[in-house]
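The values are calculated or read from the model by the stated rules, or taken from the named source; none is laboratory data. All of these numbers come straight from a predicted model, not from anything done at the bench. Accessible surface areas use protein heavy atoms only, side chains included; no ligands, DNA or RNA. Shrake-Rupley method; radii C 1.70, N 1.55, O 1.52, S 1.80 Å.
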Amino acid sequence: SSGINAEYGDGTVTDMKISPDGAYMLLTECRNMQLEKSLSYVWDVSDPTSPYQLHTIKGYNGRMFSCAMAEDSRRAVIGGHNGAWIVDLETGSKLSEFSQGCMSVGWVPGCNDAILDHEGKTVRNSVEDGSYLFSYAPNARSQIAESGIFSDNFYLTACEDGSLRIYDKDSGDCLYTFYDHRAQEFTCIARSSSSGMVVAGNKSGMLYILDPTAK
C-alpha cells in the first residue's frame, strides 16, 4: 500500500480519475476561501507503490468539481464554475477550453468530443476546435457517470422531472422517455457494461431497474 498526501490548504478534493492505462491520476480541487486558487493535480501512478505528483495545473481561477479521462490516456477534461479545460496529462498544459460553467464533465467514447452539464442540459463540444455541437436533455439534469451511460448508439440521462430519457448518441434526438408518477428527481444512474441493465435512484427512495433495449 502507499499513501498520498491530499492536504491542499483549505481545498477539498472534489473528483479523482485514473487513466485507462493506469499511468495517471487526476484530481480536481475546490477552495472555499480563495476560490481563484483552486488547482488540479496530475499524479504518476504507473508504479502503485511509488506514486508522485507530476504536474500542478494552475490558472483556472474558479472552483473545480469534476474531471474525466480520454480513452487515449493522454488527455483529460476538468470542469467547474469557469467552464471546462482540455488538458495534456503528459505536460500538464491546457489544450483548449469551453466557456460554459458546469458541475460535471465527461468524455464521449470513440471520438474527440467532451460533454458537460450546463443550465440543465448536457452540452456536447468538439475537443478539436472547442465548438458547440448540440445538447442532450433540455431542461433536465444529466448524471454524467463513468459507469457507462454511453453505449454504441445511445446516451441515457436521469432528469429532474422524474424521467429517464434515451437519446441518440450522435444526433441528440430523444428516442424514448421513461416516466413513473411516483418518481421524484433522479439523483444517480449506472449501467452494466456486460448486460446493458440500467439502475437509477431518485429522491423518493426508489430504485428502478430497466432494460434500455426493450421495446
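Within the chain, all pairs of alpha-carbon atoms sorted by distance into 10 Å bins from zero give the percentages 8, 33, 34, 21, 5, 0. Taking 0.36 nm per residue of separation and subtracting the Cα-Cα distance, full extension of the segment from Met206 to Val13 would add 66.6 nm. Evaluating 6.51 cos²θ - 1.76 cosθ + 1.60 at θ = phi - 60° for every residue in region 103-115, the Karplus couplings come out as 10, 8, 9, x, 10, 6, x, x, 7, 9, 10, 10, 10 Hz, glycine and proline recorded as x.
Between Asp173 and Phe134, what length in nm is gained on full extension when 0.36 nm per residue of separation is reduced by their alpha carbon distance?
Values: separation 39, 0.36 × 39 = 14.04 nm, distance 0.99 nm.
Extra length available between Asp173 and Phe134 comes to 13.0 nm.
Of the Cα atoms belonging to region 1-106, the radius of gyration and Dmax stand at 12.8, 40 Å. Split the accessible area of region 37-130 by element, probe 1.4 Å, and carbon with sulfur accounts for 45%.
Taking amide H positions as modeled 1.01 Å from N, with prolines and chain starts lacking one, the residues under 5 Å from Glu97 and 5 or more places away or on another chain are Ile86. Rolling a 1.4 Å sphere over the protein heavy atoms, what is the accessible area per residue of the chain, to the nearest Å²? Computed with neighbouring chains in place, this is 49 Å² per residue.
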